[in-house]
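I have placed the structure first, in the form of structure tokens, so that the comments after it can refer back to it.
Bear in mind these aren't lab numbers, they're just calculated from the coordinates by the rules spelled out. Because the structure is a prediction, the values reported are computed rather than measured. Ideal geometry is used to build each Cβ from the backbone, glycine not excepted, and the neighbour counts take in all protein chains shown.
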2 protein chains.
Amino acid sequence: MLDVLRNRTTIRKYSDQSIAPKLMNELLEVACRAANTGNMQVYSIVVTQSDSIKQALAPAHFNQPMVMQAPVIITFCADFNRFNKWCLQRDAKPGYDNFLSFMTAAIDSLLVAEHFCVAAESKGLGTCYLGTTIYNAQQIIDVLHLPELVVPMITLTVGYPAETPEQVDRLPLEGVVHYETYQDYTIEEIERIYTYKENLPESQQFVRENNKTSLAQVFTDIRYTKATNEMFSAMFLDVLKKQGFFLSKQL
Amino acid sequence: MLDVLRNRTTIRKYSDQSIAPKLMNELLEVACRAANTGNMQVYSIVVTQSDSIKQALAPAHFNQPMVMQAPVIITFCADFNRFNKWCLQRDAKPGYDNFLSFMTAAIDSLLVAEHFCVAAESKGLGTCYLGTTIYNAQQIIDVLHLPELVVPMITLTVGYPAETPEQVDRLPLEGVVHYETYQDYTIEEIERIYTYKENLPESQQFVRENNKTSLAQVFTDIRYTKATNEMFSAMFLDVLKKQGFFLSKQL
């Protein structure tokens, strides 16, 4: 079992084999056994299989080919809408139109996503998370008709693998784990932690192809730039306001 | 393997048995195989075992007994500090002092938390998530010495189980899963989704003990009230600003 968790790789190419509805149902049942806050289950799972809706979602994910190619696209959402409606029907006054409640629901949705992901991988399925979900949340809200108090957090493409990629590198464990309290990184530690990654042939190729002088510059200048991060920050904050998770007085 | 995921329950009581360092190391290695954004691994894992630091953390978690009783307390943090430092050492201009980057790091930290959680449970360990981490993040930052661009997201208490609780209920699957697009809930659907939960003897006892007329009121009036949610919203936003994830111009 630990091997499933240890040996996983992200799968971006899928075979034509569809996922049996019975298996999908089982995986969703299992996913919902993930821990959640106060057993409120403040998340929703939107399972998209139709080509027309995948096509409508694709631009939000920058047309990454997995969206059209995977048999199933799952959008995990922070969701206080259902709980809110239940409260209103039970003479209970909900107070979930705020940032903390959004964060609570976001946490629930991400734990259930990863629980699903592991379940799917244990059954031989391949998955790929799309981080673009929070970049273009409004587009996804429009396509999936997400009501107030629902925000898409992450998307998983799922299917039977049609590739067997090598595992990519990870930082050495001492680079990400701290014992007792956080020990901030010295210059020498940063050097040591990133040496292996920087010396990989694929990293060096990445630097050359992009005409940069360091791998870090590929991230800061091309992949995750200040300008786009700030643009998407503003867009995501607008989404949270529009979906009802920020009272104006809070800002 | 699916059974580990399916049959899990939250464990709040732990035996005296400590977790072997070799096993802990293996679980942490495995946890880091979780998917993450652009392979930046923008998270840190703080593993606390000393009684004095647990004691210092306990008030932030409202003195829930698991904090002192569990052999290991793990605080999963959104962390752009390490990546930021690396960029600065590599003549790359980081742009991660914004809300999107916080969300990205938060997502990474939660996926790795759940990957760890499943790994631990597959080895017979019991776990309990503490959602209090985002309520009292500043206290945790102070105790764990978290620098700028690091925010604690969720805490997991881990140990060998000294209890075998029954699984708690979940909403029926059709209550949380939507196919193709989100179908908003009708009044009748909300009734149906929550009937089972409301009729559980423990739910009814909960309502009686708290002198309420509905289970929903136990949530809105006692467990997760509007006033405390708004207070913790303001506190968590302040933490994000202080840790450097919000430029004032963004608000």
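The table below lists the values:
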read-out	value
Leading residue at positive end of dipole, segment A:2-165 (Cβ point charges), from A:Ile140, A:Asn84, A:Ala31	A:Ala31
Size of charge dipole - segment B:166-245 - debye, nearest 20, with Cβ of Lys, Arg +1 and Asp, Glu -1, no other charges	480 debye
Other-chain or far-sequence residues with amide H under 5 Å of B:Gly244's (modelled H)	B:Leu149
Alpha-carbon centroid distance for the pair segment B:133-169 / segment B:1-76, whole angstrom	8 Å
Rg(Cα) / (2.2 N^0.38 Å) computed for the protein assembly as shown, rounded to two decimals	0.92
Per-residue [θ]222 nm for the protein assembly as shown (sum of -39500 (n - 2.57) over DSSP H runs n ≥ 4, rounded to 500)	-13000 deg cm²/dmol
Along each principal axis, Cα extent of segment A:2-165, largest first, Å	52, 35, 26
Per-copy distances of the B:Thr164 label point, shortest first, in nm (7 angstrom along Cα→Cβ)	4.0
Inter-copy spacing of B:Gln55 label points, which lie 7 Å from Cα along Cα→Cβ, given in nm from shortest upward	6.6
In sequence order, calculated HN-Hα J values of segment B:70-85 (Karplus, 6.51, -1.76, 1.60; Hz; x Gly/Pro)	6, x, 9, 10, 10, 9, 8, 10, 5, 9, 9, 5, 4, 5, 4, 5
Magnitude of the charge dipole, chain A, Cβ model with Lys/Arg +1 and Asp/Glu -1, debye to 20	700 debye
Hz values of 3J(HN,Hα) by residue in segment A:154-168 - Karplus curve (6.51, -1.76, 1.60), Gly and Pro given as x	7, 10, 10, 8, 9, x, 6, x, 10, 8, 10, x, 5, 5, 7
10 Å Cβ neighbours from other chains, averaged over peptide B:97-109	6
Shortest-first distances to equivalent copies, position A:Asn211, nm, label 7 Å out along Cβ	7.4
Size of charge dipole - the protein assembly as shown - debye, nearest 20, with Cβ of Lys, Arg +1 and Asp, Glu -1, no other charges	380 debye
Gyration tensor (Cα) of segment B:136-251, equivalent ellipsoid semi-axes in angstrom	34, 22, 18
Under 5 Å, built H, 5+ apart or other chain: amide partners of B:Thr127	B:Ile11
